[in-house]
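The values are calculated or read from the model by the stated rules, or taken from the named source; none is laboratory data. All of these numbers come straight from a predicted model, not from anything done at the bench. Don't worry about glycine lacking a Cβ; one is built from the backbone with ideal geometry, like all the others, and counts go over all protein chains shown.
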Amino acid sequence: MISTKKTRQIVWAGLLAGAAFAASAQTSPPPAPSAPAAASAPRAERGDPAKRFEQMQQRRAQRMSALKGKLNLDASQESAWNSFTAAQQPPAPPAQRPSRDDIAKLSTPQRLDLMQQHQAERSAAFAKRADATRTFYAALKPEQQKTFDAETLRMGPRGERHHGPHFGQPPAPAKS
């Protein structure tokens, strides 16, 4: 004889399975993905990397200029600002990256070594940016530090502004 507890578990499992089946049967198939041409094109066809890097540099310069204006730096803080912005400068893209075919020819340990090397380079670049940011932050007055905190909270690792809730902020209220 099956216990009452076991019977309830079986009934609930059946109900959930039936609900899942009914929900999947009623949904229409998803529309065909309409990926942008840039995402589906091979890397070489996505445009000139040098041009994209230049556009990124222009956007970065605009953001840094706006931040500098909001901070109202005095003359004694200019050298700290210049050191900070120089350290934040992203490296130029490499002239040639290994192709997927070249990477496919490597053994797994070789690919791991390559990934580890890239990770070490990124880590060193981050440490340089973090040190420069701490030095600059220490040169700011308390009200400037508050402005810097508020402005840089909305920026991502490369200065992009992200959509959606940000670190330390509550999620936006649901729309009804």
Practice problem: Would you please name the residue that is farthest from residue 135 (Cα to Cα), looking only at residues in the range 87-125 that are of a type in the set (A, V, I, L, M, F, W, C) and within 21 Å of the chain's Cα centre (by Cα)? | Solution: 115
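For the structure I just gave you, tell me whether residue 76 is hydroxyl-bearing (Ser, Thr, Tyr), surrounded by fewer than 10 Cβ atoms within 10 Å (Cβ to Cβ) and at pLDDT below 70.
Working: hydroxyl-bearing (Ser, Thr, Tyr): yes; surrounded by fewer than 10 Cβ atoms within 10 Å (Cβ to Cβ): yes; at pLDDT below 70: no.
No: the conditions fail for residue 76.
Results for (1) assigned to a loop (DSSP other than H, G, I, E, B); (2) touching a strand residue (DSSP E or B) at 6+ places or on another chain (Cβ under 6 Å); (3) touching a residue at least 60 places away in the same chain (Cβ under 8 Å), shown as yes or no for each residue.
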site	(1), (2), (3)
73	yes, no, yes
82	no, no, no
91	yes, no, no
95	yes, no, no
98	yes, no, no
103	no, no, no
120	no, no, no
124	no, no, no
Quiz item: Is at least one residue of the range 54-71 closer than 24 Å to residue 118 by Cβ, modelled with pLDDT of 90 or more and either surrounded by fewer than 10 Cβ atoms within 10 Å (Cβ to Cβ) or aliphatic (A, V, I, L, M) (or both)?
Solution: no
Practice problem: Evaluate the range 90-100: report whether one residue or more is more than 23 Å from residue 49 (Cβ to Cβ) and either surrounded by 11 or more Cβ atoms within 10 Å (Cβ to Cβ) or in contact with a Lys or Arg (Cβ under 7 Å, 6 or more places away or on another chain) (or both). | Solution: no
Quiz item: Has the range 128-135 got any residue that is assigned to a helix (DSSP H, G or I) and either farther than 30 Å from residue 58 by Cβ or acidic (Asp, Glu) (or both)?
Solution: yes
Practice problem: Identify all residues within the range 105-114 that are in a helix (DSSP H, G or I) and surrounded by 11 or more Cβ atoms within 10 Å (Cβ to Cβ); write none if there are none. | Solution: 110, 111, 112, 113, 114
Quiz item: Does any residue of the range 78-86 turn out to be more than 23 Å from the chain's Cα centre (by Cα) and among the charged types (D, E, K, R)?
Solution: yes
